[in-house]
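Data first, discussion second: the structure below is written as C-alpha cells.
The values are calculated or read from the model by the stated rules, or taken from the named source; none is laboratory data. Please read these numbers as outputs of a predicted model, since none were measured by experiment. Here Cβ is always computed from backbone atoms with ideal geometry, including for glycine, and neighbour counts include all displayed protein chains. With ligands, DNA and RNA removed, areas are computed over all heavy atoms of the protein, side chains included. Shrake-Rupley method; radii C 1.70, N 1.55, O 1.52, S 1.80 Å.
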Amino acid sequence: MMAMGAFLFVLLLALLIFFFLRQLWSRRHLPPGPLALPLIGTLWAYGFWLREDYFRKPVKQYGNICSMWVGPHLLVVLSGFKTVKEGMASFPEEFSHRPEDAFMTALGNKRGIIFSNGHIWKQQRHIGLTSLRKLGLGKKSIEHQIQDTAQTLVESFRETKGQPFDPSIPVINAVSNVICALSFGHQFAPEDENFQKLIQVLEILVKFSGGFFHVMLFVFPRLMSYLPGPHKKALAALDVIVSFAKQEIEKHKESHSLDEPQDFIDHYLLQMEKSRNDLNSTYNEENLAQCIFDFFGAGTDTTFATLMWALLLLTNHPDIQEKVQKEIEDVFGFSGSISYQDRKKLPYTNAVIHEMQRLKSVLLVGFPRQSIKDVKMRGYHIPKGSIIIPDLRSVLLDPEQWETPEEFNPNHFLDKDGKFMEREEFLSFGIGQRACVGELLARIEVFIVLTSLLRAFSFRLPEGVKELNEAPVVKVMAHPHPYKLCAIPLHY
C-alpha cells in the first residue's frame, strides 16, 4: 500500500515537472510572467478580483510588457507611457478588436460602439461621433443643457444650508440627465420612477464589473450560465436599460421630428432612413438601443466618479480650492455664465481639473483590446487572440513622465509662466482608434459643473473630520469611499 502511494506521488510529481517544462518551452517567446496553473491561470499569484495595485506587482517583477493568464485567456499587460504608446501606435489595427468573452458578448451582443468589431463598429462609431458633433458638441447648444444641469445641481447643494451631506445622489442625477438630454432630447425629474430605476440598474452593472463573479464568468462561462449569482442580476440590468431605450425610440418614431433632429435618436433614425437601400448598412434599431446603452454605461459612471473625486480633492486641499476660486473671480467677477471655451482664460483652474483626472483616474485600466493577428513587440511574440490590457493608470502615474506622480500637483500642467500645458501623457480617455467617443462631452461637463459649483460654494470638511479618505474603492472603476462635506455658500 505504501509502495503504491509512493508510486502515485512520484508520478504526480513527474507530471507536474513535465507540465511546468512544457509550459516554459511553449511560452518561451511570450512576454514574461508568472507560472499559469490549469483552470485558474495566474490568478493564484495576484488574486481573483481587481485592486488598485493589481497590475503593478507583475510589472515590478517582469517589466513593462508582461503576460498574465485568466483561465485559458492570455492577457498581455502594457504599462508605462512609452510602452502603451508604442503598443497602441505601432499596432492600431492589430489591437483594435474587442474581446468576445461571455460577459462582453452578453452586454453588447456585438452591437453598438463599445462591444462591436469590424464594419458594425466603424459605422456605429461614425454615427456616434457625427451625431454628437451635429448636436453641438463644443458649441453653445450643448453647453446650455449642461449649464442648466449645473445650476440645478447648485440649487440642490444650496438646500443643504451648509450642513454636512453626501453629494453622490444629486451628482449622479445631474450626470445621468446630461446623457438623457443628448440621447432622448429631454431630462427627467429626479423623483421620476423610471429615471431612478435606470440609475439603479447602472449601479448594479458597475458593482458587478471587476468582481469575483465577473472573473468566474470570464473563466467558466458555461458553468456560470447554470449557476445563480450576481452575474444573473447584472445581465437582467442590461435588459432594463435596453428596454428603456427602445421605449424612447418608439416615442421618437411616433413624433416624426427627423426634419429637425433634436437628439441622438433623431439623428440615428434619420441615418436609418438614408441607408434603407444599402445592403451593407448596420444602422438598425437594435444597434441604436445598444448605442444608447453604451452612452449610459461609458458616460454616466465615469463622469460621476470624476466629479466625486474632484469634490473630495478640493475639500482636502482648501488652498488649491481658494486659488481656483480667486482665478475665476478675477477673470469673470460674480455673475454671467462660463463656457467651455473660457477654460483658456483660466489656466490654473484647467490645470487643477486635469490634475484631478490624472491622480484619481476612474479607470483602473483601458478597456481591453484583442489582437487580431500575431504581433512581435520588443522581441516578444504576442499571438493572435491575446487580450491586450493598456494600463492607463500606470501612464498617469508614470514616474518617468510626472515630477510628483503620487501627489496632487496642478503644476504638472503649467509651464514656468503659469500657462496651461497640454500633456501627451494625459491619457485619461484612452488612446488610439478605440479612444472614448464622448471625451469632449465629458471635458465640457466636468469643466462647467465644477466652475459653477466653485462660484457658488466653498467646500469644507464637516466638524471633527480631519481629512476625507483618498483611498479608492476599486472594481473596473475606481470610486472614492462614501463621504460627506459642507457646501458653504459664498456671499460676494
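Some points to look at:
- Take the range 325-430 with all the other protein chains still there, run a 1.4 Å probe, and you get 45 Å² of accessible area per residue.
- For the chain, the relative contact order works out to 23 percent when only alpha carbon pairs closer than 8 Å and six or more residues apart are counted.
- Based on Cα atoms of the range 263-317, Rg over Rh with Rh as the Kirkwood radius reads 1.31.
- Percentage of interatomic Cα-Cα distances in the range 422-468 larger than 17 Å: 58 percent
- Relative packing of 52-60, 293-301, which averages over residues the other C-beta atoms within 10 Å, highest first: 293-301, 52-60
- Distance from the range 287-359 to the range 140-204 (C-alpha centre basis), Å: 15 Å
- Computed from the C-beta positions of Lys419 and Ser335 and an R0 of 30 Å, the FRET efficiency is 0.65 to the nearest 0.05.
- Normalised contact order of the range 362-471, rounded percent, pairs of Cα under 8 Å and 6 or more residues apart: 16 percent
- When Phe95, Phe429, Phe334 are compared by accessible area of protein heavy atoms, the largest-first order is Phe334, Phe429, Phe95, using a 1.4 Å probe.
- Here r is the Cβ-Cβ distance between Glu285 and Glu191 and R0 is 35 Å; the resulting FRET efficiency, rounded to 0.05, is 0.75.
- Over all distinct Cα-Cα pairs of the range 225-359, the Kirkwood formula returns a hydrodynamic radius of 19.1 Å.
- Packing order of peptides 274-284, 142-152, 71-81, highest average first: 71-81, 142-152, 274-284 (average count of other Cβ atoms within 10 Å over each peptide's residues).
- Space enclosed by the convex hull of the alpha-carbon atoms of the range 391-492, per residue, Å³: 165 Å³
- Relative counts (whole %) of C-alpha pair distances in the range 161-235, using bins that are 10 Å wide: 16, 34, 26, 20, 3, 0
- Sequence-ordered 3J(HN,Hα) estimates for the range 337-345 from the Karplus curve with 6.51, -1.76 and 1.60 and θ = phi - 60° stand at 7, 10, 9, 4, 4, 6, 4, 5, 8 Hz, glycine and proline given as x.
- Distant-in-sequence amide contacts of Arg98, defined by a placed amide H-H separation under 5 Å and a gap of 5 or more residues or a different chain, comprise Gln370.
- In plain terms, the C-alpha convex hull of the range 150-286 casts an average shadow of 12.2 nm² when viewed from every direction.
- Translational diffusion coefficient (Stokes-Einstein; Kirkwood radius from C-alpha pairs) of the chain at 10 °C, 1.306 mPa s, in µm²/s: 65 µm²/s
- Normalised contact order of the range 178-286, rounded percent, pairs of Cα under 8 Å and 6 or more residues apart: 29 percent
- Of the DSSP H helices in the chain, those that are both long (alpha-carbon extent of 27 Å or more along the helix axis) and hydrophobic (Kyte-Doolittle mean at least -0.5) are 2-26, 230-255.
- Taking the protein heavy atoms of the range 102-249 in the context of the full set of protein chains, the accessible area attributed to carbon and sulfur is 58 percent at 1.4 Å.
- Pairs from the table (Lys110/Lys475; Lys82/Lys134; Lys274/Lys384; Lys110/Lys197) lying more than 27 angstrom apart at Cα are Lys82/Lys134; Lys274/Lys384.
- Debye log10 I(q)/I(0) at q = 0.18, 0.25 Å⁻¹ for the range 287-378, Cα point scatterers: -0.95, -1.28
- Charge-dipole axis of the range 335-416 as Lys and Arg at +1 and Asp and Glu at -1 on Cβ define it, positive-most pick from Pro410, Gln357, Ser339: Ser339
- Cβ-Cβ FRET estimate between Arg158 and Gln433, R0 fixed at 51 Å, reported to 0.05: 0.70
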